[in-house]
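Here's the structure we're looking at; comments come further down.
Just so it is clear, none of the values below were taken in a lab; they were calculated from the coordinates. None of these values were measured; they are calculated from a predicted model. Please note: Cβ atoms are built from the backbone with ideal geometry, for glycine as well, and neighbour counts cover all protein chains shown.
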Amino acid sequence: MMQNEIRKTDIKSLTLEELKEQMVLLGEKPFRAKQMYEWMHKKLARSFDEMSNLSKDFREKCRESFAYTSLRVVREQESQLDGTKKFLFELSDGNLVESVWMRYKHGNSVCISSQVGCRMGCRFCASTLDGLERSLLPSEMLDQIYAITLLTGERVSNVVVMGTGEPLDNYDNLLRFIELLTDENGLNVSQRNVTVSTCGIVPKMRELAQEKLQITLALSLHAPTDEKRRKLMPIANRYSVAELMEACAYYFERTGRRITFEYSLVAGVNDNKEEARELAALIGHLNCHVNLIPVNPIEERDYRESSRTAVLGFQKELEKNKINVTIRREMGRDIDGACGQLRRRHTKNIVEDVTC
């Protein structure tokens, strides 16, 4: 990103009211804001040049005053198994993020990234191997959805912030992203169709509860005890399982939205029936749902996915204890399906090409 670009206002991250204020500062009528907002968030214009009902002089003035986020597709993969599509996007500063488009009977879902890299250090995740580069702007989160909508020609009805990065580590930008995504003047995605994942930053979970949004909060739990969780997730050294459960109960109390627990099953690590019973005892008092996820192996770690028998046994044990549970349908397994895999492989190939 050029130095003069850094100083420019990021126009796609502005609310409609803020955009009206910017138009007045430019000496324009406030109604210009509604026109531009519609071009950006409904018509999904890729640049000021596409805003055909705005004068050329005005568009030039906007180019001089604002940065306009428009992600560039670097690579697209399509699964031969289920039609899932994975996209690698380049940001204006050259950084890369990835997103996944999935077709379900109930509508199309997009899983987006909230950061370039991640600093949470979860042992089974490719996103965190190179650490955190930076957090994404609201516009950069939005434009993953906008670009995919244009590329597929199909409306997105569900959005999951569960790709690369820890969303609650990018808290303010996440809130602005949700506000813009669910705005009736934009794509108008229902808050109930938005899921935000977290590895368990307890203070931010409580802060999010106070926003009283109608989104779904998904907690990456992955183990029923502190001892086992610490082996998989460094964040467990800071916040105990007991603190997490209290935060989950508080979230439900403030929002009325049940918690989803994400549980990645790793062979021989957290997938036996005793751990299923411990999990049931831990969460049985909460209004919740469990997603069981056979872990997607990455070459840098020696973790392997659980056998089908182990997965079904774990599910049966939870159901015996009256826990709502689903085995997540595996999507895009043949196209670097796990978070961070495509970006890491692409970057690694570039390095190898340069050094050859």
Hydropathy first: keep DSSP H helices in the chain averaging at least -0.5 on Kyte-Doolittle, then drop any whose Cα extent along the axis falls short of 20 Å, and list what survives. 138-152, 241-255
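Take Asp143, Asp172, Asp93, Asp82 and order them by how many other Cβ atoms sit within 10 Å, fewest up front.
Working: Asp143 25, Asp172 9, Asp93 12, Asp82 16.
Least to most surrounded, the residues fall as Asp172, Asp93, Asp82, Asp143.
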Close Lys-Lys pairs in region 3-67, where close means Cα under 15 Å and separation is 8 or more or interchain: 10
Starting with the fewest neighbours, write out Arg238, Arg32, Arg229 ranked by other beta-carbon atoms found within 10 Å of each beta-carbon. Arg238, Arg32, Arg229
Note down the nm distance, to one decimal, between modelled labels 7 Å out along Cα→Cβ at Arg329 and at Lys105. 0.8
Answer in debye to the nearest 20: the dipole magnitude of region 3-67 about its Cα centre, from +1 Lys/Arg and -1 Asp/Glu charges placed on Cβ, is 160
Where the centre of each part is set by its Cα atoms, how far does region 112-143 sit from region 181-250, in angstrom? 16
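Restrict the search to region 105-182; then list the GluC sites (Glu not before Pro) that DSSP places in a loop and that have at most 16 other Cβ atoms within 10 Å of their Cβ.
On the way: sites: Glu133, Glu140, Glu154, Glu179; in loops: Glu154.
Answer by residue number: Glu154.
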Relative to the compact globular guide of 2.2 N^0.38 Å, what is the alpha carbon radius of gyration of region 3-67, as a ratio? 1.01
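For the chain, what proportion of DSSP beta bridges, expressed in % and rounded to the nearest 5, is antiparallel? Before the final figure, lay out the partial values.
Details: 21 of 47 bridges.
The antiparallel proportion sits near 45 percent.
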Between Lys56 and Arg192, what FRET efficiency comes out of the Förster formula 1/(1 + (r/R0)^6) with R0 = 41 Å and r the beta carbon distance, rounded to 0.05? 0.45
What ranking of Val161, Val295, Val194 emerges when the number of other C-beta atoms within 10 Å of each C-beta is taken as an exposure proxy, fewest first? Val194, Val295, Val161
Leu265's amide H: which non-local residues (gap 5+, or another chain) put their own amide H closer than 5 Å, with H modeled 1.01 Å from N in plane and none for Pro or chain starts? Ile293, Val295
Listed residues Gly117, Gly94, Gly27, most fluctuating in the chain (Gaussian network, C-alpha, under 10 Å): Gly27
Quick one: how many lysine pairs in region 72-355 have C-alpha atoms under 20 angstrom apart, if they're 8 or more apart or on different chains? 9
Approximate spin-label separation Glu78-His289, in nm, with each point projected 7 Å along Cα-to-Cβ: 2.9
Stretch Arg119-Asp10 to full length: gain in nm at 0.36 nm per residue minus the Cα-Cα span? 36.7 nm
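Where Rh is the Kirkwood radius over the Cα pairs of region 72-355, the temperature 10 °C and the viscosity 1.306 mPa s, what D in µm²/s does Stokes-Einstein return? Numbers along the way, then the final one.
Values: Rh = 19.2 Å.
Answer from the Stokes-Einstein relation: 83 µm²/s.
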